[in-house]
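As structure tokens, the structure follows; a few thoughts come after it.
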Amino acid sequence: MTRFSDLPDAIPVFPLPGALLLPRARLPLHIFEPRYLQMLDDCLKTDTRLIGMVQPMPVPATGPGAEAGSGALHRIGCAGRITQFSETEDGRYMITLAGMSRFRVVEELEGFQPYRRCRVSWDGFSRDLGGTERDDTFDRERFLALLDRYFAARQLQADWETLREAEDELLVNSLSMLLDFGPEDRQALLEAPSLATRRETLVTLIEYGLRGGEEDLMQ
């Protein structure tokens, strides 16, 4: 089992708007920009093979910092270990990150590499390297009924048998990562201190989305 003492003080970060990685979850990524191809090559040479996923702060559409991922970063992200890796014939990479632990950005580091690196702190996220979390107050049937309304409003299909049988953490985290929420909403889900808090945040976002969808239908 990985211990916090095994985690590095500095990691490369991938500021990808809208991408959410959570501890013990998996995130597939398609890497094609030259700077991130270099990041991946360098990362694969390390023992930990960690990449930090972090949301960039919103930036103006024009002017300095307008390029996606080039502005200020949110203070909390999640590091993932490269567990799957394949290269396409044209030199792009398909990888999968396994979420390890959240981190807090201490400072961004200067260097000659084309990608961004940060000194990070793992303090305050001790539960991330532990076992699967449970949510003892989770009313699954009520939650699934709400989710059914949400999917119906957006004409989405679901494997309801799988949803009913999934463990609490897998269900909540998978939906947090897959549903169509904005970057700031995803950041709130990431920063939730416990699985129960994340589930409550997820319910609030689904209810808010339902209200908006119902209002659109009434207009």
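The values are calculated or read from the model by the stated rules, or taken from the named source; none is laboratory data. What you see is a predicted model, and the numbers here were worked out from it, not measured in a lab. A quick note on method: Cβ atoms are made from the backbone with ideal geometry, for glycine too, and the neighbour counts reach across all protein chains shown.
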Taking the condition surrounded by 12 or more Cβ atoms within 10 Å (Cβ to Cβ) and more than 30 Å from ASP6 (Cβ to Cβ), does LEU129 pass? no
Kindly evaluate TYR93 against the criterion of being assigned by TED's automatic domain parsing to the domain that holds GLY52, aromatic (Phe, Trp, Tyr) and surrounded by 15 or more Cβ atoms within 10 Å (Cβ to Cβ). yes
When you scan segment 114-121, do you find a residue that is more than 22 Å from the chain's Cα centre (by Cα) and either within 18 Å of GLY80 (Cα to Cα) or in the same structural domain as ARG75 (by TED's automatic domain parsing) (or both), even just one? yes
The residue from LEU205, LEU210 that alone is more than 22 Å from the chain's Cα centre (by Cα) and among the aliphatic types (A, V, I, L, M) is LEU210
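Matching residues to (1) assigned to a helix (DSSP H, G or I); (2) within 30 Å of PHE32 (Cα to Cα); (3) outside the structural domain of PRO58 (by TED's automatic domain parsing); (4) free of Cβ contacts under 8 Å to residues at least 60 places away in the same chain:
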| residue | (1), (2), (3), (4) |
| --- | --- |
| TYR150 | yes, no, yes, no |
| GLN157 | no, no, yes, yes |
| ARG186 | yes, yes, yes, no |
| THR204 | yes, no, yes, yes |
| GLY212 | yes, no, yes, yes |
Yes/no for ALA10 being crowded, with 17+ Cβ neighbours inside 10 Å, closer than 30 Å to THR197 by Cα and at pLDDT 90 or above: no
